[in-house]
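Below: one structure, written as structure tokens.
The values are calculated or read from the model by the stated rules, or taken from the named source; none is laboratory data. Please read these numbers as outputs of a predicted model, since none were measured by experiment. Cβ placement follows ideal geometry from the backbone for every residue including glycine, while neighbour counts extend to all protein chains displayed.
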Amino acid sequence: MLISFSLALVIIFALTYAFVNGMRDSSSIVATMISSRAFHAQTALGLTAAAEFLGPLFFGVTVAKTIASNIVAADVISLEALTAGLVGAIIWNLITWYFGIPSSSSHALIGGLIGAAVISSGWEAVRLSGLVTVLLALFISPLVGFIVGFILLKAVYVLSQSATPHINNFFKQSQIFTAVALAFSHGTNDAQKTIGIITLSLIIGGQLTDFNVPLWVVLISAGAMAAGTALGGWRLIRTLGGKFYKIRPVHGFASQLTSGIVILCASAVGLPVSTTQVVSSAIIGVGASERFGKVRWGVAGDILTAWVITIPVSALFSAGIYSLLRFMNVSV
């Protein structure tokens, strides 16, 4: 299959986004494992990378279809605009990674797509009804994570109230299952965002006539994110793993189980969610369930601010990049 330079460029930036996404979001998955001392850092990252790679291979491409079909119109948006959208998302992800701010890679991607689509083709390039559904999923899922985490820890304490201190060994050892489930759910949701973008670019570039994801797209998207995960994001691991409160094995177990359930349920119905948001809110919910004063709410407030500004800032970045390319008369 021969592809144009413009299409190749979109694929390259989409895989770069997947790599950075894996590098950033790995911290969300392994932070509680490492902080509760259930696993060594490299073991945690290795397990996470493997599970993330397998996620999209076994769980289908419903989220990818949402990304490709429900945000921007394939018959209106250009490959050049897709490139600008991806670059805008990548820039914001790298900025927040550098400063250790656990903002949402998913929000950055949505913002990047919107900014590039609107500046290049106007609002007719945006599918508003589908976008509203996606935004609702992104903003409601953290609240669900908080509530489920809050309730789950209460249930765990009720069920283990007569247990001996050895129950901590159970919570520590059980994290191999909850952590793998969380990493698997991350792969099912986040890798599919890259799969959706690449498939959309293939449709725009005339390589596909409808949404029919080639296996090679799934493999390279999952592989890029798994590679990013294996490198880890140490600044964010420190934020999620220690700045909220001192995480013990029971907190790691409850927050991982909560996050995995929420993300897998969203993936099953094709809704893209932010792993960083869900995991952060689950950690906060679990801590608040034990004692509201346990959580350092100032850190949570800083993260909430990053969540709120990510979509408009990444949209401005991508719009600016597209405008610069047009001003310089650069064709990608």
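Just the residues that are part of a helix (DSSP H, G or I), within 30 Å of residue 157 (Cα to Cα) and modelled with pLDDT under 85, please, taken from the stretch 284-328.
Hits for the stretch 284-328 are 290, 292, 293, 294, 297, 298, 299, 300, 301, 302, 303, 304.
I'd like to verify a number: residues in the stretch 79-111 that are more than 22 Å from residue 276 (Cα to Cα) and touching a helix residue (DSSP H, G or I) at 6+ places or on another chain (Cβ under 6 Å), how many?
Matching residues across the stretch 79-111 total 5.
One line per residue, one yes/no per condition, for (1) modelled with pLDDT of 85 or more; (2) out of contact with any Phe, Trp or Tyr (no Cβ under 9 Å at 6 or more places or on another chain):
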site: 1; (1), (2): no, yes
site: 7; (1), (2): yes, yes
site: 32; (1), (2): no, no
site: 57; (1), (2): yes, yes
site: 65; (1), (2): yes, no
site: 79; (1), (2): yes, yes
site: 94; (1), (2): yes, yes
site: 110; (1), (2): yes, yes
site: 115; (1), (2): yes, no
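Suppose we filter the stretch 179-235 for residues that are within 15 Å of residue 66 (Cα to Cα) and free of Cβ contacts under 8 Å to residues at least 60 places away in the same chain; how many remain?
Qualifying residue count for the region: 2.
Just one of 72, 61, 76 is in contact (Cβ under 8 Å) with a residue 40 or more places away in the chain, within 16 Å of the chain's Cα centre (by Cα) and farther than 19 Å from residue 307 by Cα; which is it? Write out each step before concluding.
Working: 72 fails: within 16 Å of the chain's Cα centre (by Cα); 76 fails: within 16 Å of the chain's Cα centre (by Cα).
Going through 72, 61, 76 in turn, just one is in contact (Cβ under 8 Å) with a residue 40 or more places away in the chain, within 16 Å of the chain's Cα centre (by Cα) and farther than 19 Å from residue 307 by Cα: 61.
Of everything in the stretch 102-145, what is buried (at least 24 other Cβ atoms within 10 Å of the Cβ) and farther than 20 Å from residue 194 by Cβ? Give them in sequence order.
142, 145
What are the residues in the stretch 115-137 that are in a helix (DSSP H, G or I) and in contact with a helix residue (DSSP H, G or I) (Cβ under 6 Å, 6 or more places away or on another chain), if any?
Scanning the stretch 115-137 gives 115, 116, 117, 119, 120, 125.
Does residue 149 satisfy being touching a residue at least 12 places away in the same chain (Cβ under 8 Å), crowded, with 21+ Cβ neighbours inside 10 Å and either of a type outside the set (Phe, Trp, Tyr) or part of a loop (DSSP other than H, G, I, E, B) (or both)?
So residue 149 passes the test.
Specify which of the listed residues (18, 51) is modelled with pLDDT of 90 or more and either within 15 Å of residue 188 (Cα to Cα) or in a loop (DSSP other than H, G, I, E, B) (or both).
Criteria check complete, one pass: 18.
Farther than 15 Å from residue 263 by Cβ and of a type in the set (S, T, N, Q), is that true of residue 185? Before the answer, list the steps.
On the way: farther than 15 Å from residue 263 by Cβ: no; of a type in the set (S, T, N, Q): yes.
Judged against the criteria, residue 185 is not a match.
Provide a single number: the residues in the stretch 250-265 that are surrounded by fewer than 24 Cβ atoms within 10 Å (Cβ to Cβ), more than 21 Å from residue 158 (Cβ to Cβ) and touching a residue at least 12 places away in the same chain (Cβ under 8 Å).
Qualifying residue count, the stretch 250-265: 1.
Any idea which residue in the stretch 183-209 is surrounded by the fewest Cβ atoms within 10 Å (Cβ to Cβ), counting only those that are under 18 Å from residue 9 (Cβ atoms) and polar (S, T, N, Q)?
207
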